[in-house]
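Note sheet for the following structure.
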Amino acid sequence: MSKLFTTVDVGRYVLPNRLVMAPMTRSRAEFDGTPGALAAEYYAQRAEIGLIVTEGTQPSDDGQGYLTTPGIYTDAQIAGWRKIVSAVHDKGGHIFIQLMHAGRMSHPDNTPHHRQGVAPSAIAPGAPMFTAKGMQDIPTPRALTTEEVRQTVRDFRHAARCAIEAGADGVEIHGANAYLIQQFFAPSANIRLDEYGGSIENRARFAVEVAAAIAEEIGADRTAIRLSPGTAMWGIDEGPEGSDLYRYLVTQLDKLDLAYLHIMHQGNEALLADIRKLWEHPLILNRPSRPREEIGSDVASGLADLEAYGQAVLANPDFIARLKAGAPFNAADRGTFFGGNAQGYTDYPTIATAGA
Ligand SMILES: Cc1cc2nc3c(=O)[nH]c(=O)nc-3n(C[C@H](O)[C@H](O)[C@H](O)COP(=O)(O)O)c2cc1C
């Protein structure tokens, strides 16, 4: 485990340890997408971790999917994020804002403009979603025109600029978990006939264009991307060419010299090993539900440069101190993951407060 506590170069930064807070939506923002009042405290409590990746944050009105998630494209949102970033920096931490466009995983009741969701093609995910009126089926989205796809690339670019204006250290593009970028990868969600659909090159094009545009806007050394090869939920099926798509995509992204690639691992070990070889920059690996005794093993084996943890960091503001001390972890309370107040957000005890 000791290698976890060595420094590591990531983009233009030297991080103090190789542990990362995985991005986690908490649905506690204002309805206009301004981060909630407790967000600065929540993230600052966790600033000892090498890198914080924030909750998914929409780059535009269209990019919002869930209720009360934050955005990063208006002046009010930038001002809200500035408070969070300053609080994390005051404690010596590093923070990348995750740019998440939900695509078809969106309900009109949750967005500021209440419009139909947008996607590569007009195919519903076949899933329900939480709204202020309770669970509702997600309606069929509207297919983006070719010009609208290009506009969406520009929206990502603008959001990245806003993140830097808020003082963030960088942005992580959310290319995982069945949201817009992964919808382009999957033939089950993308039946386009233009240059963004069909061949592997075409289905990967949107992701590569977003990454290239952001890298040009804010510097490749502040630009990162998260992928989850093989996601099989919410109607996403990457088909028999899925692994080849990722080999091609990672090869293209590698040429951009991004700060890091973050893999949310879905279990294909052979593909993961290939990605490790194709990607010549820092690799962050998130293995869902990793048992505590295995923390550090991917860094130790050389498969990853950093390891990301979600729920364990959510529930343990002093995750690093507990790891170092061999102290037990608090369990995460699923009932307070999304929405609500300080409960299950900023009130998890540290070793110090638990013993007090
Ligand atoms: C409450 C919650 C919200 C999440 N929101 C996001 C998100 O906004 N973006 C994202 O890429 N992953 C999101 N995830 C996935 C996590 O980043 C992580 O991949 C997952 O929790 C598995 O890691 P873990 O077992 O260490 O928690 C979320 C997970 C949880 C538990």
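Things worth noting here:
- Index of the failed condition, Ser60 passing every other in (1) touching a strand residue (DSSP E or B) at 6+ places or on another chain (Cβ under 8 Å); (2) within 13 Å of the ligand (Cβ to nearest atom): (2)
- Scanning the stretch 1-33 for residues that are part of a loop (DSSP other than H, G, I, E, B) and within 13 Å of Glu172 (Cβ to Cβ) returns Gly11, Ala22, Pro23, Met24.
- Flag if Ser301 is under 30 Å from Ala44 (Cβ atoms) and small (Gly, Ala, Ser): no
- Arg203, sole failed condition from (1) crowded, with 20+ Cβ neighbours inside 10 Å; (2) assigned to a loop (DSSP other than H, G, I, E, B): (2)
Let's see how each residue does on (1) at pLDDT below 95; (2) in contact with an Asp or Glu (Cβ under 8 Å, 6 or more places away or on another chain); (3) assigned to a helix (DSSP H, G or I); (4) not charged (D, E, K, R):
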residue	(1), (2), (3), (4)
Glu148	no, no, yes, no
Thr152	no, yes, yes, yes
Arg157	no, yes, yes, no
Arg161	no, yes, yes, no
Val171	no, no, no, yes
His174	no, no, no, yes
Ala178	no, no, no, yes
Phe184	no, no, yes, yes
Pro187	no, yes, no, yes
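- Looking only at the stretch 298-324, and only at residues there that are in contact (Cβ under 8 Å) with a residue 12 or more places away in the chain and either farther than 20 Å from Gly93 by Cα or open to solvent by 40 Å² or more (accessible area, probe 1.4 Å) (or both), the one that is nearest to the chain's Cα centre (by Cα): Gln311
- Odd one out for Ala327 among (1) buried (at least 17 other Cβ atoms within 10 Å of the Cβ); (2) of a type in the set (A, V, I, L, M, F, W, C); (3) closer than 25 Å to Val88 by Cβ; (4) away from the ligand (no atom under 11 Å from the Cβ): (1)
- The stretch 34-67, residues that are in contact (Cβ under 8 Å) with a residue 60 or more places away in the chain, outside any loop (DSSP other than H, G, I, E, B) and aromatic (Phe, Trp, Tyr): Tyr42
- Of all residues in the stretch 11-27, those satisfying the criterion of being within 7 Å of the ligand (Cβ to nearest atom) and over 14 Å from His262 (Cβ atoms) are Thr25, Arg26.
- Flag for Ala176 being touching a residue at least 40 places away in the same chain (Cβ under 8 Å), under 20 Å from the mean Cα position of the chain (by Cα) and closer than 21 Å to Gly117 by Cα: yes
- Note on the stretch 163-183: residues that are surrounded by fewer than 23 Cβ atoms within 10 Å (Cβ to Cβ) and more than 16 Å from the ligand (Cβ to nearest atom) amount to 4.
The values are calculated or read from the model by the stated rules, or taken from the named source; none is laboratory data. Only a predicted model underlies this, so the values are computations on that prediction, with no experimental measurement involved. Neighbour counts are summed over all protein chains in view; Cβ atoms, including those assigned to glycine, are modelled from backbone coordinates with ideal geometry. Areas reflect the complete protein model, heavy atoms only, side chains present, ligands, DNA and RNA absent. Shrake-Rupley method; radii C 1.70, N 1.55, O 1.52, S 1.80 Å.
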